[in-house]
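The values are calculated or read from the model by the stated rules, or taken from the named source; none is laboratory data. Predicted model only: the values in this text are computed from it and were never measured. Cβ atoms come from the backbone with ideal geometry, glycine included; neighbour counts cover every protein chain shown. The protein model used for the area step is the full one, side chains on, heavy atoms only, and it has no ligands, DNA or RNA in it. Shrake-Rupley method; radii C 1.70, N 1.55, O 1.52, S 1.80 Å.
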Amino acid sequence: MNKKLLMKFFFILLCILSFSLSLSAQPINHRPKIGLALSGGGAKGLAHIGILKAIDSAGLKIDYITGTSMGAVIGSLYAIGYSGNQIEKMARTLDWDILLSNQLSLRSLSMEEKEEYGKYAIELPYINHKLKLPNGFFDGQELWFKLAELYYPVHKIKNFLKFSIPFKCVASDISNGEAVVLDSGEITTAVRASMAIPSVFSAVDYEGHALVDGGVTRNFPVIDTKKMGADFVIGSSVTAGLYPQEKLKTPVDILLQLVFLKEAEDYKKEVPLCNLFVSQPLEDYSMGSFNKADKIIEIGNNEGRKLYPALKHLADSLNSIYGTLIPDTNRLPKRDSVFISSYKIEGLVKTTETYFIHAMGFHTNKFYSEAEISKAIRKVFGTRYYRSINYFLEPEPDGSSKIIFNVKENPSTYAKLGLHYNEFGGISVITNLTTRDFFTPYSRSLLTLNIGENFRLRGEHLQYFGNNKNIALIPKLQFESYKTDSYDNFNKSGQYRQYYFEGEVKSEYSGSRSFTAGIGSRYESIRFNPLIQSQLEAKGRNDFLTSFVYFNANTLDKSVYPKKGIKINAEFGMVYNQNPNVNFYLNGNLLSNVDSVGINYDNYQRMVLDAEAYTPILKNLTFLTLFQSGINFNYKQNLVNNFQIGGLTKTIRNQVLFAGLNETTVSTPSVASLLIGFNYQLTKNLYLMAKANALVNNFISEDRQLKFDNWLTGYAATFAYNTPIGPLEFSLMYSGNSKKVLSYVNFGIPF
């Protein structure tokens, strides 16, 4: 038996002796009350779960619970009726990166907002006629959503002492630096206040006080467990006071050390108050180690297994002296639907109550489950008009409930900045100005400018209509100028400067946050100017109209490196009213008769389909598929509206991604491609990706028969780091057709 195990063995013996002495000191008619105190500690607080599981396994009834910060989250869930096993299952499946940040799940956004979300490294609000720096605080909207869902079974209970296990949590009053013990009100707000780390999360308004993390003043609330009436206290701590100097490696570490200076002194007072103290061995983890949640939970499980004999002895001793007491294993109240008879909205300034309610699709005098309430709130939250939306249910005398929405609106205007680089597009600075309700109510207008080796400019106005604001009219103007290479047998043979102008109007219907469908027409003008002579060249311009119908769907969970969901973009249209002024050159000589190379400008039909899917295989391994297809039916114009094959990042119109070839390596009127791959997440921000694809192109013959003799194959391996300002990707590619190994570098998200 090694030294550590021997110490643990003697520790348990001392605990058993302590239990016996404590029990013998109690009157025979008084069953000792058992209290549980759980410390804060951010991600490290997940280790408390193992102690709860050990308590459940031992059959020990807990009479009081207190917690701070993450200890408040874990403790409150146990207090309202979730078992240790249930809490562990939730903790292992939650996306902590989303919950504890200002990020949103992409699924929360409306379809019109998904393409713009997360594209820019910097977003500055425009307030009072000037740009403001971000305040750095997280509102944690997704955390509010999740807490409201988890606490829904006790929404009628406003006194925490009436939970199946009486509960209190600790926060800190930012105005006087004093600890505030919370035992009533809205449990969601109380727990959120208890974990509002200063300088990280925004303070929480609670009954007129601005509250922050309880760890600032009392991170280990043993004394509050004693005050509740506990005769015997089990304390689980995941911190050990201040970090030594060698552990302070980053500015964030130093900031948190300063924030929790007072907590270190209180820790020394709280530990001696425990009858059974568990110090979790988590020195190698920090408050932010949520990406290592599974490892932290397992450490807690190991400590729980070591503690089990002492807990079992305590439970058996109590049952022997005072009679058998079997803990209720079904403490969680039933999740009944709520009949909502009225509502109240607090915090609206720029948007109206009518818009808010209609955008939610909300109706009174109707039964709602917590999932239905959450779905309705996410609908209006996905419009990006609001920074946070929280709700509370108040019981009415007739048995129904009143729902109260607490709303914080976003500023109307944001200036945004992003960077992008790859070999095809060069270095680009992307600027964007997005404003809402500037020209008309219920609208979003944006202007985006790409400045670099290639120039792009886009202006768009989105106008909502209808009671539920799910019908939109979207006019758009876009101009771009960029260089493209032409290839002959996978070797560069020339270069073009292409100028493109598009004017488009479309109308769409969004049936949900996951799909939209519509119709539209666009005017397009394309001008080609050869820069390097090739065998067959086009010089001049062609103007034409396209009328189309389209369907889009998006259930991805993230915009960058998603783990699950699908994304589909489909369009079918008619190209007509062409106005060509194009000259074709063969080996530098003007072709006077374009019919000789089979070129004409008749009307033609056009179909484009992109469909991608992501399926999690293991926790850190995702299987991905991408199907791309484009067909110009009855089309005989060569370069003008062809599909351009190559590249790993969408940067130009009509592009078909293909691992193994650079952008525009193959130009074709028809293409169908299938890519499969794996994405492995090494750490929180590091990824390894492998992709393989096959493609058939130019598969419609002159007599409109299918032919499948133009096959391409390719592969790519990618190392990626998701930086705070965009993904950085290094790839090696190989194509069985070109027989070349190519490198590919991409940084940021393109225009």
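Take the residues in the range 420-467 that are of a type in the set (Phe, Trp, Tyr) and either part of a strand (DSSP E or B) or free of Cβ contacts under 8 Å to residues at least 12 places away in the same chain (or both), then tell me which one is farthest from GLY726 (Cα to Cα).
Here the answer is PHE465.
For the subset of the range 154-201 comprising residues that are out of contact with any strand residue (DSSP E or B) (no Cβ under 6 Å at 6 or more places or on another chain), surrounded by fewer than 20 Cβ atoms within 10 Å (Cβ to Cβ) and hydroxyl-bearing (Ser, Thr, Tyr), which member is nearest to ALA79 (Cα to Cα)?
Among those residues, the one meeting the criterion is SER164.
Going through the range 276-293 one residue at a time, which ones are open to solvent by 50 Å² or more (accessible area, probe 1.4 Å) and assigned to a helix (DSSP H, G or I)?
The answer is ASN291, LYS292.
In this structure, does LYS563 turn out to be over 30 Å from ASP488 (Cβ atoms), modelled with pLDDT under 95, touching a strand residue (DSSP E or B) at 6+ places or on another chain (Cβ under 8 Å) and open to solvent by 50 Å² or more (accessible area, probe 1.4 Å)?
yes
Can you tell me which residue within the range 655-670, out of those that are at pLDDT 95 or above and within 19 Å of GLU571 (Cβ to Cβ), is surrounded by the most Cβ atoms within 10 Å (Cβ to Cβ)?
VAL656
Quick one: which of GLU460, GLU409, GLU453 is surrounded by fewer than 20 Cβ atoms within 10 Å (Cβ to Cβ) and either at pLDDT 95 or above or basic (Lys, Arg) (or both)?
GLU460
With part of a loop (DSSP other than H, G, I, E, B), free of Cβ contacts under 8 Å to residues at least 24 places away in the same chain and among the polar types (S, T, N, Q) as the only criterion, which of THR329, THR351, THR324 stands out?
The unique qualifying residue is THR324.
I'd like the residue in the range 468-480 that is out of contact with any His (no Cβ under 9 Å at 6 or more places or on another chain) and in a strand (DSSP E or B) and, out of all such residues, is surrounded by the most Cβ atoms within 10 Å (Cβ to Cβ).
Filtering the range 468-480 for residues that are out of contact with any His (no Cβ under 9 Å at 6 or more places or on another chain) and in a strand (DSSP E or B), the one surrounded by the most Cβ atoms within 10 Å (Cβ to Cβ) comes out as ALA472.
Could you list, in sequence order, all residues of the range 571-588 that are open to solvent by 50 Å² or more (accessible area, probe 1.4 Å) and farther than 30 Å from ILE532 by Cβ?
Answer for the range 571-588, where residues must be open to solvent by 50 Å² or more (accessible area, probe 1.4 Å) and farther than 30 Å from ILE532 by Cβ: PHE572, MET574, TYR576, ASN577.
Which condition breaks for GLN533 when tested against (1) touching a Pro at 6+ places or on another chain (Cβ under 6 Å); (2) open to solvent by 50 Å² or more (accessible area, probe 1.4 Å); (3) modelled with pLDDT under 90?
Of everything listed in (1) touching a Pro at 6+ places or on another chain (Cβ under 6 Å); (2) open to solvent by 50 Å² or more (accessible area, probe 1.4 Å); (3) modelled with pLDDT under 90, GLN533 misses just condition (1).
What is the number of the single condition among (1) over 18 Å from ILE187 (Cβ atoms); (2) open to solvent by less than 60 Å² (accessible area, probe 1.4 Å); (3) at pLDDT 90 or above that ASN365 does not meet?
Result: ASN365 passes all but (2).
Within the range 64-74, track down each residue that is part of a helix (DSSP H, G or I) and open to solvent by 10 Å² or more (accessible area, probe 1.4 Å). Give the derivation first.
Going through the range 64-74, the residues part of a helix (DSSP H, G or I) turn out to be 70-74.
If the condition is that a residue be part of a helix (DSSP H, G or I) and open to solvent by 10 Å² or more (accessible area, probe 1.4 Å), then VAL73 is the only one that fits.
Does LEU417 qualify as being open to solvent by 50 Å² or more (accessible area, probe 1.4 Å), under 30 Å from ALA720 (Cβ atoms) and in contact (Cβ under 8 Å) with a residue 60 or more places away in the chain?
Spelling it out, LEU417 is indeed open to solvent by 50 Å² or more (accessible area, probe 1.4 Å), under 30 Å from ALA720 (Cβ atoms) and in contact (Cβ under 8 Å) with a residue 60 or more places away in the chain.
Would you check if ILE568 is part of a strand (DSSP E or B), open to solvent by 70 Å² or more (accessible area, probe 1.4 Å), aliphatic (A, V, I, L, M) and closer than 30 Å to LEU688 by Cα?
no
GLU265 - would you say it is free of Cβ contacts under 8 Å to residues at least 60 places away in the same chain, open to solvent by 50 Å² or more (accessible area, probe 1.4 Å) and assigned to a helix (DSSP H, G or I)?
yes
Looking only at strands (runs of 3 or more DSSP E) that lie completely in the range 615-686, which have at least 1 residues being in contact with a Pro (Cβ under 8 Å, 6 or more places away or on another chain)?
621-633, 643-645
Of the residues that make up the range 147-161, is at least one outside any loop (DSSP other than H, G, I, E, B), closer than 30 Å to THR435 by Cα and within 28 Å of the chain's Cα centre (by Cα)?
No: the range 147-161 contains no residue that is outside any loop (DSSP other than H, G, I, E, B), closer than 30 Å to THR435 by Cα and within 28 Å of the chain's Cα centre (by Cα).
Return the residues of the range 312-347 that are at pLDDT below 95, open to solvent by less than 60 Å² (accessible area, probe 1.4 Å) and among the hydrophobic types (A, V, I, L, M, F, W, C); say none if nothing qualifies.
LEU314, ALA315, LEU318, LEU332, VAL338
I'd like to know if the range 542-552 contains one or more residues that are under 30 Å from the mean Cα position of the chain (by Cα), touching a residue at least 40 places away in the same chain (Cβ under 8 Å), buried (at least 18 other Cβ atoms within 10 Å of the Cβ) and within 30 Å of LEU728 (Cβ to Cβ).
yes
Just one of the numbered conditions (1) within 30 Å of PRO327 (Cβ to Cβ); (2) more than 23 Å from the chain's Cα centre (by Cα); (3) not in a strand (DSSP E or B) is not true of THR189; which one?
(2)
Condition test on ALA376, is it on the phi < 0 side of the Ramachandran plot and without any contact (Cβ under 8 Å) to a residue 24 or more places away in the chain?
So ALA376 fits the description; yes.
Please specify each residue of the range 45-63 satisfying the condition of being open to solvent by 10 Å² or more (accessible area, probe 1.4 Å) and assigned to a helix (DSSP H, G or I).
Result: LYS53, ASP56, SER57.
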